[in-house]
Amino acid sequence: MSEHQFKIKKGTFTVPIAALVAIWLVYTIEIGFGFNFNKFGIYPKTIVGLRGILFSPFIHSDINHILSNSVPLFVMLGSLYFFYHKIANRVLILGIMVSGLLTWFIARPANHIGASGVIYFLVSFIFFSGIFRKYYRLIALSLTVVFLYGSMIWYVLPVEERISWEGHLAGFVTGLIFAILFKRVGPQPETFEFTPNEEFESLFDENGNYNPPEEVQEPQD
């Protein structure tokens with residue numbers, strides 16, 4: 001196994017696992033010690049609320065909230081680091097910052113918490129990146145994402161009061177923008193180069209007319 005392959009495999013699994021460990025550790029501390037970290041979420045249009053851009057993805061309100069985010073977070077982070085490993089760190093860090101800032105700017109006055117904004121960002125980025133790059137492997141990944149998480153699109157709208165649709169919308173829009181900005185970076189469609197065949201080309205003149213080869217006379221005794 002090459003060093004390059006090892007790095008891809010390592011990033012594909014270690015980052016999603018580390019993310020799950022982090023969010024579950026925070027939730028366990030909350031439950032075990034009776035803490036409530038909701039105040040560290042994104043609270044819009046306040047200076048103190050900006051800290052939630054970094055902290056909110058690790059905070060969840062209850063067991064159903066963290067369970068619903070765990071599997072898609074693992075799958076989408078794994079997909080990002082497997083297919084886009086060269087730009088994955090940049091995309092993830094900048095995506096969290098930008099989508100969090102957009103949530104801070106547009107959201108209702110409340111503490112917005114949870115990793116779902118990051119998930120919507122990853123779903124959007126991976127889906128649109130595959131389409132924009134016109135690379136059949138990434139298009140297949142995009143279609144898989146639609147199959148698995150296509151129904152999530154409804155939750156970028158205010159369909160349920162207690163859900164931060166603003167965070168979902170911010171993540172989705174940020175993912176689309178990043179897919180456009182990074183479409184020339186990372187995996188690209190395979191290109192094929194054809195080696196000229198001089199013997200074949202010699203059968204045609206400069207106007208493209210076919211010139212049959214001269215017959216070679218066998219020497220006679």
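The values are calculated or read from the model by the stated rules, or taken from the named source; none is laboratory data. Just so you know, these numbers come straight off a predicted model, no measurement behind them. Cβ atoms come from the backbone with ideal geometry, glycine included; neighbour counts cover every protein chain shown.
If I filter segment 146-156 for residues that are touching a Lys or Arg at 6+ places or on another chain (Cβ under 6 Å), farther than 13 Å from Gly171 by Cα, of a type outside the set (S, T, N, Q) and at pLDDT 90 or above, do I get at least one hit?
no
Within segment 50-60, how many residues are more than 11 Å from Ile23 (Cα to Cα) and either touching a residue at least 60 places away in the same chain (Cβ under 8 Å) or out of contact with any helix residue (DSSP H, G or I) (no Cβ under 7 Å at 6 or more places or on another chain) (or both)?
2
State which residue is farthest from Asn111 (Cα to Cα) when the search covers only segment 31-45 and only residues that are touching a helix residue (DSSP H, G or I) at 6+ places or on another chain (Cβ under 9 Å) and part of a loop (DSSP other than H, G, I, E, B).
If we take residues in segment 31-45 being touching a helix residue (DSSP H, G or I) at 6+ places or on another chain (Cβ under 9 Å) and part of a loop (DSSP other than H, G, I, E, B), then Phe35 is farthest from Asn111 (Cα to Cα).
Somewhere in segment 13-20, is a residue among the aromatic types (Phe, Trp, Tyr), part of a helix (DSSP H, G or I) and at pLDDT 95 or above?
No, segment 13-20 has no match at all.
Could you say which residue among Ser79, Ser61 is among the polar types (S, T, N, Q) and not in a helix (DSSP H, G or I)?
Ser61
In segment 157-192, how many residues are among the hydroxyl-bearing types (Ser, Thr, Tyr) and exposed (fewer than 15 other Cβ atoms within 10 Å of the Cβ)?
Summing the residues that are among the hydroxyl-bearing types (Ser, Thr, Tyr) and exposed (fewer than 15 other Cβ atoms within 10 Å of the Cβ) in segment 157-192 gives 1.
Looking at Ile53, Ile66, Ile93, which is the one that is assigned to a helix (DSSP H, G or I), of a type in the set (Val, Ile, Thr) and over 28 Å from Val185 (Cβ atoms)?
Answer to the selection: Ile66.
Got at least one residue in segment 148-156 being touching a His at 6+ places or on another chain (Cβ under 6 Å) and surrounded by fewer than 22 Cβ atoms within 10 Å (Cβ to Cβ)?
Yes, there is a match, as at least one residue in segment 148-156 is touching a His at 6+ places or on another chain (Cβ under 6 Å) and surrounded by fewer than 22 Cβ atoms within 10 Å (Cβ to Cβ).
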